[in-house]
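A short write-up of the structure that comes next.
The values are calculated or read from the model by the stated rules, or taken from the named source; none is laboratory data. Just so you know, these numbers come straight off a predicted model, no measurement behind them. Positions of Cβ are backbone-derived with ideal geometry, glycine not excepted, and every protein chain shown enters the neighbour counts. Areas reflect the complete protein model, heavy atoms only, side chains present, ligands, DNA and RNA absent. Shrake-Rupley method; radii C 1.70, N 1.55, O 1.52, S 1.80 Å.
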Amino acid sequence: MSQSREIKKYSTAQAAAEAIATYMEKLILSDVERFDIALSGGNSPKILFDVLAGKFAKKIFWDNVYFWWSDERCVSPEDNDSNYKMAKEYLLDPLKIDYGHIHRIKGELKPEEASVDYSAKMTKELKQREGFPVFNLILLGMGPDGHTASIFPNQMDILKSEKCCEVSSFPATGQKRVTFTVKLINNADHIIFFVPGSSKQQRIKEIVCEDDQALKFPAYYICPKHGILLFFLDEDSASLL
Ligand code: 6PG
C-alpha cells in the first residue's frame, strides 16, 4: 500500500464531498500555471460536483484547471451513460469551463482508437515522470466488486500494462470502456478515492486493512509512487474500519 496514505471519515457523503472540495481549494492555487485533474464517473461524483459547482464555484481558481477523465464508456458524448455528459451537466456547464480546458475521451470512436488518441493527447499536454504523464489530481470511485476507473477484477492484466490507457469491458453487459491504467494512475501527485455508501464497506475494509482478499481487487493496487493517496469515506463505507 502507498507510503503516503490518509483515511478520512465523515458523517455523510455530503460532508466527505465538502472536505474534498476544501482539499482541492488548497491544491488549486491561483499561482499554479495549470492544474490537471482526472474525473471519475458513476453516481458518487454527482455529490462532489454539486458542491464544487455550488459552494466552491467562487472559492476555487478554475481558470487554470484542465479536466480529463480516468475512464469513459464507449458511447457518444450525448449518451446518458457518458461520464463526460454527467460531468458537463453537473460541473462543467455550471462553472462555465472553457471548452479548451476540457479533454474528454472520445467514446464515439472505436475503443482502441479512442484509447490511443487519449494516451497521445495526455502525453503531449502533460509533464512526464518515469515515462508516464503526471496528473495533479485523479479522483476515483470504487465499485462493490473492488473495481476502480474501468479496471475490473476479471481484467487484472491491465495492472501490468505499460500504456497510459487500455480498453476494458464492463463485466455485467460487455460494454466497452477506455480506462487509465494502474501505472498511469500511480504516477499522479494526488489520488482521491471518494467512496461513500454501505455497499462498499466490505471492500473498503479489505483494501484499507490489506486483507489477503484485497489482492483480487484492482482498487488495492492504487498506490502512488511519488504522491499521496487519500480515502474520503462516510460512516457507511467506513463502518467496518
Ligand atoms: C465509472 C466509474 C467507476 C465508478 C465506480 C463507483 O465509469 O462507472 O469510473 O469506476 O467510480 O463504479 O460508482 P458509483 O459512485 O456510482 O458507486
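None of 27, 48 is open to solvent by less than 50 Å² (accessible area, probe 1.4 Å), within 16 Å of the ligand (Cβ to nearest atom), touching a residue at least 40 places away in the same chain (Cβ under 8 Å) and at negative phi except 48. In segment 194-218, what residues are of a type in the set (Gly, Ala, Ser) and either free of Cβ contacts under 8 Å to residues at least 60 places away in the same chain or within 14 Å of the ligand (Cβ to nearest atom) (or both)? Selection gives 197, 198, 199.
Taking the numbered list (1) without any contact (Cβ under 8 Å) to a residue 60 or more places away in the chain; (2) surrounded by fewer than 22 Cβ atoms within 10 Å (Cβ to Cβ); (3) outside any loop (DSSP other than H, G, I, E, B) in turn, residue 162 passes all entries but (3).
A count restricted to segment 102-129 and to residues that are in contact with a helix residue (DSSP H, G or I) (Cβ under 9 Å, 6 or more places away or on another chain) and farther than 12 Å from residue 38 by Cα stands at 5.
Tell me whether segment 175-188 contains one or more residues that are free of Cβ contacts under 8 Å to residues at least 60 places away in the same chain, among the β-branched types (Val, Ile, Thr), closer than 27 Å to residue 77 by Cα and surrounded by fewer than 18 Cβ atoms within 10 Å (Cβ to Cβ). Within segment 175-188, not a single residue is free of Cβ contacts under 8 Å to residues at least 60 places away in the same chain, among the β-branched types (Val, Ile, Thr), closer than 27 Å to residue 77 by Cα and surrounded by fewer than 18 Cβ atoms within 10 Å (Cβ to Cβ). Just one of the listed residues (118, 66) is in contact with a strand residue (DSSP E or B) (Cβ under 6 Å, 6 or more places away or on another chain) and either among the hydrophobic types (A, V, I, L, M, F, W, C) or outside any helix (DSSP H, G or I) (or both), namely 66.
Taking only segment 115-145 into account, find how many residues are polar (S, T, N, Q) and within 16 Å of the ligand (Cβ to nearest atom). Number satisfying all stated conditions: 1.
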